[in-house]
Structure formats: C-alpha cells, structure tokens
Amino acid sequence: MRKILLSVVSSLLPVLVFAQAADTTAAPTLLSLQDALKIALSENASVKVADREIERTGYARRGTYASLFPQVSGSGSYQRTIKKQVMYMDFDMSAFGGGGGDADGAGAAVDMTAGGGSSGKNDGFEVGRWNTWSAGVSASMPLVNAQLWQNLRISDQDVELAVEKARSSRLETVNQVKQAFFSCLLAREAFEVYKSAYENALENYEQIERRYQVQRASELELTRAKTTLSNAIPNVYDAESAMILALWQLKAVMGVDLDSNIDVAGALDDYAEHMLYDLQASEELSLADNSTMRQLAIQAEQLADAIKVQQYAFLPSLALSFNYSINAMANDYKFSEYNWSPYSFVGLSLSVPIFSGGQRLNAVRQSRVQAQELEIQRVNTERQLKISIRQYLNQMETAMKSYSSALSAAETAQKAYDIAAKSYHVGRSTLTDLNDAQLALTQSRLGVSQAVYNFVVAKAGLEGTLGADFIDGEGNVQLNKTYDNE
C-alpha cells in the first residue's frame with residue numbers, strides 16, 4: 001500500500017507542474033504590460049462605447065447649429081369637393097330705382113338659385129369647383145434669439161463632457177488592466193512558491209521513505225512526511241486555478257477572446273526596483289486632472305449657461321419668414337389648361353413674452369437650485385478623492401516597509417530551511433523542525449510577492465485618481481495615447 005500511494009502521489013507531480021505546458025507545439029503569446037494596455041484601449045467595450053458617445057454628441061451639436069440656418073420646407077395638397085358650398089346674395093332693387101318694397105320700406109330681396117335665375121325661394125347658389133390643387137415652399141430663419149445662441153454654447157459643452165467621459169473610461173480601463181496584469185503575476189508566483197513547497201515535500205518524503213526501508217527512520221516520521229506531501233497538493237491545485245482565473249480576468253478586461261492563447265511576461269520582481277516612490281511629494285499632488293472633478297466643472301458651466309437660457313426666455317425674439325404658393329381650381333383633370341394663381345409674402349415676426357403664470361421665473365429658480373446641489377456634490381467628491389489619495393500613499397508606504405522586511409525574512413527563511421534540511425539528514429533535528437522551516441520559507445516568499453503587488457496596485461490606483469494620463473502639456477484631453485513610450 002505504501003508503494004502504491006507513493007506511485008500515485010509521484011504521478012501527480014507532472015500533471016501539476018506541467019499542466020500549462022502540455023501542448024508544446026502552441027506556445028502562448030507573451031504580453032507585456034504595455035502590450036496589454038494597447039490592446040485594451042482598442043478592444044475594450046467601455047472605451048468603444050465612450051468613443052461612440054463622442055461621435056453622437058458631435059452630431060447633436062451640428063443639429064443645434066443647424067437652427068441658425070433657414071429652415072425650408074415644401075408642401076403640396078389636393079382636395080376633392082364632395083358637396084359645394086352654397087352662397088346667398090340679397091339685391092336691394094330700390095337701389096336701381098325699382099319699387100316693390102315691403103311694408104317696412106326695405107328693398108325687395110332677389111335670391112339667386114343654383115341655376116342662375118331668380119325665384120321666390122331663397123335657395124342660393126353653389127360656389128367653387130370640384131378639384132383644388134395647391135403647392136408651395138416656405139422658409140423661416142431666426143434673426144434675434146438669445147435662448148438659441150446660449151443653447152449652442154451648451155451643445156459645445158456636451159461634446160467636451162463626452163470627451164472627458166471617454167478619458168475617464170480610458171483611465172478606468174488602464175487601472176483595471178494594470179490590476180489584472182499584476183494579479184496574474186502574483187498568481188503565477190504563488191503557484192511557483194507552492195510548487196516549490198510541493199517539490200521539497202516530495203523530496204523529503206522520498207528520503208524519509210528510503211531511510212525507513214533501512215530502519216533509520218520511524219514509521220511516525222514517514223507518516224508525517226506523507227501527510228505533509230498530501231497537504232501540499234491542494235495548495236498547488238488552488239494556486240493553479242487562481243492563475244488561470246486571473247488570466248481570464250485580464251483577457252476580459254482587454255476585450256479579447258477568453259480562449260486566446262496568451263500569457264503575461266515578466267515578474268513582480270521587475271517592479272520592485274521602482275518602489276522607491278517620493279512620498280514627500282504628496283503635498284504637491286493635485287486633483288486638477290482628475291476626471292471626476294473635470295466632469296463636475298463642465299457640468300457647473302452647463303448649469304450656469306442653463307440659468308442664462310432660462311433668463312433669456314424673458315427677452316423678445318425676432319424671426320424672418322417667407323412663403324410662396326400656387327393654386328388652381330378646376331372641375332376636370334386637364335392639367336395643361338389649368339389657371340395657376342401664385343401667392344407669396346415675406347415678413348418679420350416679433351415675439352414678446354408678457355405673462356406665463358410664473359413658469360419662466362420658476363425655471364430660473366430650479367436651475368439655480370441644481371447649481372447649488374452640484375456645488376455641494378463637488379465639495380464632497382473633492383473631499384473623498386483627497387482621502388483616497390492619502391489612503392493610496394499610506395498603502396504604498398506600508399508596502400515599501402513590508403517589502404524590505406519580507407525580503408530579509410525570505411533570505412533568513414531560506415537559510416534556515418537549508419540548515420534544517422541538512423541537520424535532519426544527519427539526525428540532529430526533527431521532522432517538525434524541517435516542516436516549520438518549510439512553512440516559514442513559503443510564507444516569507446509569498447510575503448515578498450504580496451508586498452510588491454500591494455505597492456504596484458496602490459500606485460496604479462493613485463495614478464488613476466490623479467488622472468495625469470491622456471492629458472497633454474497644456475491640460476487638454478489626448479485620447480490617442482498608445483503607451484509606446486511607457
């Protein structure tokens with residue numbers, strides 16, 4: 001049973017260690033952090049949506065500017081009369097020197113019948129024709145409209161706000177890619193640590209098993225070594241699963257297929273040399289480039305202009321209008337014989353607001369209240385962002401101190417493990433001492449990687465909060481950065 005268990009446990013090692021290298025013919029494509037960022041900025045869904053939003057607001061601004069140009073429209077109509085209108089006409093015969101007045105001295109009324117004659121009946125006669133055709137063109141253009149002019153300014157700010165939101169989306173994408181990339185490095189190093197612990201446990205088990213066969217080790221030592229080896233296997237499985245999951249998360253953030261054969265390049269130790277961050281410069285950190293603060297500033301300008309729009313509603317407006325139309329009436333469909341009658345005019349229309357029941361005044365008050373709400377939100381957001389900056393700086397400082405301590409602990413733990421292993425082989429220490437040394441070595445190596453990971457993640461969060469990315473030297477938004485110079 002002991003030999004069977006040993007063979008089963010030993011057979012697990014190639015599966016665990018070489019699980020990701022099973023297909024040697026299809027090596028994964030290694031991506032650096034800069035490569036991952038460039039792919040994400042072109043393939044990430046949120047970045048694409050933000051770019052489309054810029055395009056949409058651009059079209060909306062063009063539509064607003066179109067209100068300044070003449071609005072021309074054409075019209076045409078046809079009417080078929082079902083029942084003609086009847087007209088009645090009274091003729092005073094006394095006006096022509098005739099008599100026949102009634103008892104009150106009024107002139108006699110002569111009614112025209114539909115046939116054109118006269119009778120005693122007041123039947124009247126039909127007017128109009130059966131077919132009526134009309135066509136025309138009309139145009140209008142605002143000459144003086146303060147509200148419209150102010151709305152044009154607001155539409156420009158809509159585009160500016162969309163651009164800033166696109167920048168915010170890019171900043172968030174960069175932060176997510178960095179965190180996912182560093183998580184992949186941490187998961188891989190954790191896998192390497194647990195794999196190393198497994199290999200050490202397997203080597204110790206094999207040595208103790210050989211010593212047990214020659215009766216130089218007790219059955220208790222063999223059982224404990226076997227237990228240590230069995231306990232190391234789940235850690236390797238968990239580390240491998242975490243590594244695969246972290247890589248999936250990176251692919252999802254980048255916007256690529258989850259089945260794509262890629263892997264991250266480098267190690268967390270490559271970023272350890274950049275951990276010397278000037279924490280004394282924290283007093284000089286500014287939120288001027290923070291995307292949230294810039295969006296709030298643009299929204300404040302929009303509300304200020306919205307107040308002016310409501311105030312300009314009290315001013316009169318002047319517009320120019322023009323109309324040209326032609327009409328024809330006939331009883332048949334002989335278009336070549338129609339007599340078309342043209343009609344046209346040009347004019348000015350002045351609109352003076354006088355009374356609206358307080359609607360315009362309340363609209364101004366509503367916009368002012370919204371501006372006050374936005375100012376309260378801006379102050380609170382600025383306070384929360386300053387807290388975040390201090391938190392990131394504190395995390396970075398703690399990670400730097402932890403890294404120095406963990407690095408020293410890892411060196412000491414490695415030396416202690418080597419001594420414990422040699423001492424145990426010569427019989428001067430127990431298996432418990434060896435296991436304790438192995439546990440301390442594993443924890444210290446994980447501590448080094450965790451300290452570097454905590455620092456780079458906090459630094460990425462700080463950079464995203466400061467929003468110094470995608471901004472040129474003049475403070476303008478620059479969305480076409482590709483991280484070529486990173």
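A few points about this structure:
- Hits in region 320-334 (condition: exposed (fewer than 11 other Cβ atoms within 10 Å of the Cβ) and either of a type in the set (Phe, Trp, Tyr) or free of Cβ contacts under 8 Å to residues at least 60 places away in the same chain (or both)): TYR333, LYS334
- Scanning region 410-451 for residues that are among the hydroxyl-bearing types (Ser, Thr, Tyr) and either surrounded by 14 or more Cβ atoms within 10 Å (Cβ to Cβ) or at positive phi (or both) yields TYR417, SER423, TYR424, SER429, THR430, THR442, SER444, SER449.
- The single condition among (1) in the same structural domain as VAL47 (by TED's automatic domain parsing); (2) exposed (fewer than 15 other Cβ atoms within 10 Å of the Cβ); (3) on the phi < 0 side of the Ramachandran plot that ASN476 does not satisfy is (1).
- Matching residues in region 6-57 - criterion: being surrounded by 13 or more Cβ atoms within 10 Å (Cβ to Cβ), modelled with pLDDT under 90 and more than 27 Å from PHE182 (Cβ to Cβ): LEU6, VAL9, SER10, LEU12, LEU13
- Residue match in region 290-299 (condition: part of a loop (DSSP other than H, G, I, E, B) and surrounded by fewer than 17 Cβ atoms within 10 Å (Cβ to Cβ)): no
- GLU397 vs. criteria among the acidic types (Asp, Glu) and at pLDDT below 90: yes
Yes/no matrix, rows are residues, columns are (1) under 34 Å from the mean Cα position of the chain (by Cα); (2) closer than 19 Å to SER196 by Cβ:
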{"site": "LEU374", "(1), (2)": "yes, no"}
{"site": "ARG378", "(1), (2)": "yes, no"}
{"site": "GLN391", "(1), (2)": "yes, no"}
{"site": "GLU397", "(1), (2)": "yes, no"}
{"site": "SER404", "(1), (2)": "no, no"}
{"site": "ILE419", "(1), (2)": "no, yes"}
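- Where GLN299 falls short, out of the listed (1) modelled with pLDDT of 90 or more; (2) more than 30 Å from the chain's Cα centre (by Cα): (2)
- So ALA437, is it more than 30 Å from TYR271 (Cβ to Cβ), modelled with pLDDT under 90, part of a helix (DSSP H, G or I) and among the small types (Gly, Ala, Ser): no
The values are calculated or read from the model by the stated rules, or taken from the named source; none is laboratory data. Computed from a predicted model, the values in this text were never measured in an experiment. Reconstructed Cβ throughout: ideal geometry from the backbone, glycine too, with neighbour counts over all protein chains shown.
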